[in-house]
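Enquirer: Before anything else, here's the structure in question.
The values are calculated or read from the model by the stated rules, or taken from the named source; none is laboratory data. Just so it is clear, the model here is predicted, and its values are computed rather than measured. Using ideal geometry, Cβ is built from the backbone for each residue, glycine included, and neighbour counts are taken over all protein chains shown.
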Amino acid sequence: MDVYEKQLEEEIPDFEEHIPEKHGAFDISATVSAVKIHGWKQVTGILAVAIVILGGLELVIRLFKVPEFVFPAPSATFKALVTSFPTNYTHFLITISELVSGYVVGASIGLILAAVLTQVPYLEKVITPYILLLICTPTLALVPLLMLKLGFNIWPRIIAVSLASGPMVMINSVTGFRRTDLAKIALAKSYGATTFQIFKMIRFPLALPMIIVGLLVGGIFGLITAVGSDMVGGKVGLGNKITYYSSLARMAHFFAIIIMVAIIGISIWLIFSRVGKKYASWQE
Amino acid sequence: MDEVIVVEKVSKVYASERGPVHAIDRFSMKVKEGDFVAIVGPSGCGKTTLLWGLTGLHPFNGGKAYILGEEVDKPRKDVGIIFQQANLLPWRNILQNVLFPIEIMKENIADYEERVKDLLDSVELTGFENHYPRELSGGMQQRVSIVRALSYDPKVLLMDEPFGALDAYTRDEMDTLLLGIWKKTKKTIAFVTHRIEEAVYLANKVYVMTPRPGTNSAVFDIDLPRPRPEGITMEQKYFEIVAEIKKRIVKDVEKQKEEGVYQSQAYSTVT
Ligand SMILES: Nc1ncnc2c1ncn2[C@@H]1O[C@H](COP(=O)(O)OP(=O)(O)O)[C@@H](O)[C@H]1O
Ligand SMILES: [Mg+2]
């Protein structure tokens with residue numbers, strides 16, 4: 001029997017609307033809902049702004065003959081993106097695999113820890129400061145140390161990514177799992193629900209909106225860390241290419257890599273705002 | 001099996017920061033099969049505590065309660081509970097909400113779909129199966145929760161001021177609807193309310209509780225025709241019964257005040 005089920009024996013739920021508080025530790029749900037695209041009018045508008053900015057940039061750079069090492073023209077950046085794609089493709093895959101494997105490990109551990117710790121309030125209070133410490137310390141700083149121990153390979157980066165994303169997933173999920181609605185637990189118990197059924201059918205769905213926010217923030221933090229670790233250690237990965245091209249002042253290629261990184265970030269956002277729309281829209 | 005609910009001298013004491021709170025004190029009650037019994041009393045007298053004790057979720061700490069001959073010590077599958085609020089799960093649509101008990105009980109959903117659809121129809125909610133709770137009014141939500149409680153066909157219904165949160169007009173509609181369901185399904189119902197008018201309109205028998213700690217004050221057999229004729233609530237006889245019960249409650253309060261044991265309901269978070 002879990003803590004909340006025991007609580008039921010001591011008090012009768014008050015049935016107040018338990019609209020769970022929307023703001024967790026690192027809530028960016030505002031950004032998720034801010035970008036809602038309604039219809040073609042808005043799409044056209046957004047595209048028009050892009051065209052004006054890029055076109056203007058192109059015009060100014062050509063007019064004043066700005067050299068590439070100062071600022072590349074959008075057309076040059078686009079060309080670099082296309083022509084260097086075959087060589088940069090492998091680096092793209094390396095960064096993606098660092099991100100995905102580190103994230104899967106970190107996010108799973110974070111999620112499981114959150115689910116377990118919220119069952120034991122004392123343990124939660126003891127562990128949380130350490131998780132906050134992990135969040136506040138940029139794990140990027142650990143990469144050189146990890147490299148000393150593990151060598152110049154992909155492992156230090158995977159570990160750094162999981163250390164960056166895991167705590168983020170965890171702290172948000174903890175906020176989610178703390179939203180315990182005693183009245184709904186009572187409902188399930190009145191039909192003879194087991195502790196596992198209560199978790200699966202009440203506590204998890206209730207926590208899901210916050211878990212999704214955690215997964216999104218964790219993903220973005222993971223990306224930052226993956227690119228950052230590429231810069232710090234090794235000769236491969238998108239981060240490494242960023243340092244490489246900027247040291248040669250090949251700014252068009254530099255911006256091409258930035259675009260690739262941005263595409264990964266935007267994909268993370270798209271995936272989780274889709275998931276959020278499906279599983280978390282009930283609380284709006 | 002004649003007596004479906006038997007309550008024998010149950011008591012409940014809550015521990016609070018300001019010392020123990022005696023919510024119920026040796027309260028007894030019997031409900032026959034197919035009967036509709038209402039429990040009334042001033043706010044804070046322990047009605048909710050009594051009903052939750054019967055659910056098996058919130059045990060008494062004195063006396064015994066039996067449902068269908070068995071001592072109540074855990075929730076039972078032959079009891080349906082209707083709470084003060086509809087208490088629907090916002091992430092499930094209406095059909096998924098009413099099938100929630102079936103899912104928990106690991107029964108075959110397909111066996112119940114027909115039944116549940118009929119029930120939804122009887123509360124005029126056909127066509128709302130795929131809607132989400134937030135799209136429904138309070139009254140509609142509470143009708144969903146009635147269907148949910150009936151979905152697995154329990155013999156007994158326990159209801160705690162189920163319509164208390166609704167506006168007066170919807171509340172009267174729901175009372176009539178409930179009587180229709182009761183007539184059709186022949187459930188045994190224990191219904192808690194602080195509205196005497198509602199209790200008299202609905203029940204065959206009204207148990208009156210004293211102010212806290214809730215003890216037996218009186219039992220009234222309601223001698224009004226069944227099914228309740230339209231306009232019964234405007235009739236002399238109805239008013240007389242209501243007035244008699246109200247007088248009883250006022251007397252209980254005065255008696256407690258005279259004895260100096262009357263407590264204001266300072267702890268009342270639940271109504
Ligand atoms: N968890 C609790 N701790 C302390 N006192 C409580 C608790 N729950 C209820 N009470 C008190 O017990 C009394 C009975 O409560 P309740 O059963 O909710 O009354 P009713 O439903 O008749 O209004 C009230 O005076 C209330 O303040
Ligand atoms: Mg109450």
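Enquirer: Within the group A:Ala183, A:Ala164, A:Ala141, A:Ala193, which residue is crowded, with 21+ Cβ neighbours inside 10 Å and more than 16 Å from the chain's Cα centre (by Cα)?
Expert: Just one listed residue meets the conditions, A:Ala193.
Enquirer: Checking B:Asn61 against (1) without any contact (Cβ under 8 Å) to a residue 40 or more places away in the chain; (2) within 16 Å of ligand 1 (Cβ to nearest atom): exactly one of these is not met. Which one?
Expert: So B:Asn61 meets the others, but not (1).
Enquirer: I'd like the full set of residues that are more than 11 Å from chain A (Cβ to nearest Cβ) and either under 22 Å from B:Pro162 (Cα atoms) or of a type in the set (A, V, I, L, M) (or both), limited to the stretch B:61-77.
Expert: Answer for the stretch B:61-77, where residues must be more than 11 Å from chain A (Cβ to nearest Cβ) and either under 22 Å from B:Pro162 (Cα atoms) or of a type in the set (A, V, I, L, M) (or both): B:Ala65, B:Ile67, B:Leu68, B:Val72.
Enquirer: Still on this structure, please answer the following. Need a quick list: strands (runs of 3 or more DSSP E) entirely within the stretch B:2-73 having at least 2 residues that are within 16 Å of ligand 2 (Cβ to nearest atom).
Expert: Where strands (runs of 3 or more DSSP E) fall fully within the stretch B:2-73 and carry at least 2 residues being within 16 Å of ligand 2 (Cβ to nearest atom), they are B:3-16, B:19-32, B:36-40.
Enquirer: Which fully enclosed helices (runs of 4 or more DSSP H) of the stretch A:129-196 have 1 or more residues being more than 14 Å from chain B (Cβ to nearest Cβ)?
Expert: A:143-150, A:155-178
Enquirer: So which strands (runs of 3 or more DSSP E) stay within the stretch B:154-270 end to end and still have 3 or more residues that are within 16 Å of ligand 2 (Cβ to nearest atom)?
Expert: Qualifying strands (runs of 3 or more DSSP E): B:156-160, B:188-192, B:205-209.
Enquirer: Looking at the structure I just gave you, is B:Pro213 more than 19 Å from the chain's Cα centre (by Cα), away from chain A (no Cβ under 14 Å) and either surrounded by 23 or more Cβ atoms within 10 Å (Cβ to Cβ) or within 16 Å of ligand 1 (Cβ to nearest atom) (or both)?
Expert: Answer is yes for this residue.
Enquirer: Just a yes or no: is a residue in the stretch B:91-101 under 13 Å from B:Ala149 (Cα atoms) and within 9 Å of another protein chain (Cβ to nearest Cβ)?
Expert: yes
Enquirer: Out of A:Gly219, A:Gly276, which single residue is in the same structural domain as A:Ala107 (by TED's automatic domain parsing), modelled with pLDDT of 95 or more and part of a helix (DSSP H, G or I)?
Expert: A:Gly219
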